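Have a look at the structure below, then the notes.
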Amino acid sequence: YLKNFLTKQLPILERFALLISITVIWAYAHLLTASGAYKHRPELTQLNCRTDKANLISSAPWIKIPYPLQWGAPTFDAGHAFGMMAAVLVSLIESTGAYKAASRLASATPPPAHVLSRGIGWQGIGILLNGLFGTLSGSTVSVTRVGSRRVIQISAGFMIFFSILGKFGALFASIPFTIFAAVYCVLFGLVASVGLSFLQFTNMNSMRNLFIVGVALFLGLSVPEYFREYTAKALHGPAHTRGGWFNDFLNTIFFSSPTVALLVAVFLDNTLDYKDSARDRGMPWWVKFRTFKGDSRNEEFYTLPFNLNRFFPPS
């Protein structure tokens, strides 16, 4: 609503909406915390709203240089390995959707198959480094309208530099969960709407397509919710056999809404009257984007800088 508010002809509130919102709300939450507004409140309220959880800022060192295996040597367990394979599969599916959403928001062509594989591969290397350095979470995909690699490179440089400053990281960790929830409402909603926008290339007057989309969306929402509620009550997932690895694998996959929706949609779309429905499925529109040379604009959007394409040649 405030995107037309300009400062020196610059759309400040539009370009820095997320940063300004988080800063203002965090400052308000910190004021409430310092004034004692959360005292004698329920524990869940304090956990989600306070900015001084576990005295993060005061206890964090000013300078801390991270190094590999700082928490000890890694261990291996076959059951955990299979569980992580399921988590990687879920991450692959969700990240692929995010890549397509990011390309659409940046007004680029849909990424060809080898570009998606390249992105997933580099994300895997990033997650491997996360594990070596002992981070609590792995690398993920951020969906913005920024299409410039220079912005990402500068941002990565800032993150590497500030990772050494313990106080700075603690400041980020002190952001209340409710602020992240508000951000997710916007970002995840945007990703979902971008995904639905791809349906414009299919014939949504077809009862076949309506059936597939409806069933995939409904099961993508209801099946993971069943798994979550069952786990919360029984303290284990619906898959509860003697094979721990099997339980981890199955429960992890069906906890992810995008994964369930994709599995259902792909199965139905490739088995239900698929031979005579190529045009209704939008297949002719997608053909030219399957290969790197299918669209001349791909070179502008997806060629790597510093002549790195020789190591990752397009297929």
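The values are calculated or read from the model by the stated rules, or taken from the named source; none is laboratory data. This structure is a prediction, so every number in the text was calculated from the model and none was measured. Cβ atoms come from the backbone with ideal geometry, glycine included; neighbour counts cover every protein chain shown. The area values use the complete protein model at the heavy-atom level, side chains included, leaving out ligands, DNA and RNA. Shrake-Rupley method; radii C 1.70, N 1.55, O 1.52, S 1.80 Å.
Quick notes
- Residues that are among the small types (Gly, Ala, Ser) and without any contact (Cβ under 8 Å) to a residue 60 or more places away in the chain were ranked within the range 188-210; the one that is nearest to residue 266 (Cα to Cα) is 192.
- Scan the range 144-162 for residues that are out of contact with any Phe, Trp or Tyr (no Cβ under 9 Å at 6 or more places or on another chain) and surrounded by 13 or more Cβ atoms within 10 Å (Cβ to Cβ) and the total you get is 3.
- Of all the residues in the range 264-308, those that are farther than 20 Å from residue 209 by Cβ, touching a helix residue (DSSP H, G or I) at 6+ places or on another chain (Cβ under 9 Å) and either open to solvent by 60 Å² or more (accessible area, probe 1.4 Å) or not in a loop (DSSP other than H, G, I, E, B) (or both) number 10.
- Tally of residues being among the hydroxyl-bearing types (Ser, Thr, Tyr) and either assigned to a loop (DSSP other than H, G, I, E, B) or open to solvent by 50 Å² or more (accessible area, probe 1.4 Å) (or both) across the range 241-263: 2
- Screening residue 216 on (1) within 25 Å of the chain's Cα centre (by Cα); (2) outside any loop (DSSP other than H, G, I, E, B); (3) more than 30 Å from residue 108 (Cα to Cα); (4) modelled with pLDDT of 90 or more shows it passes everything except condition (3).
- In summary, residue 203 fulfils each of the numbered conditions (1) assigned to a helix (DSSP H, G or I); (2) closer than 30 Å to residue 283 by Cβ; (3) not hydrophobic (A, V, I, L, M, F, W, C) with the single exception of condition (1).
- Residue in the range 170-180 that is most open to solvent (accessible area, probe 1.4 Å), counting only those that are part of a helix (DSSP H, G or I) and touching a helix residue (DSSP H, G or I) at 6+ places or on another chain (Cβ under 7 Å): 177
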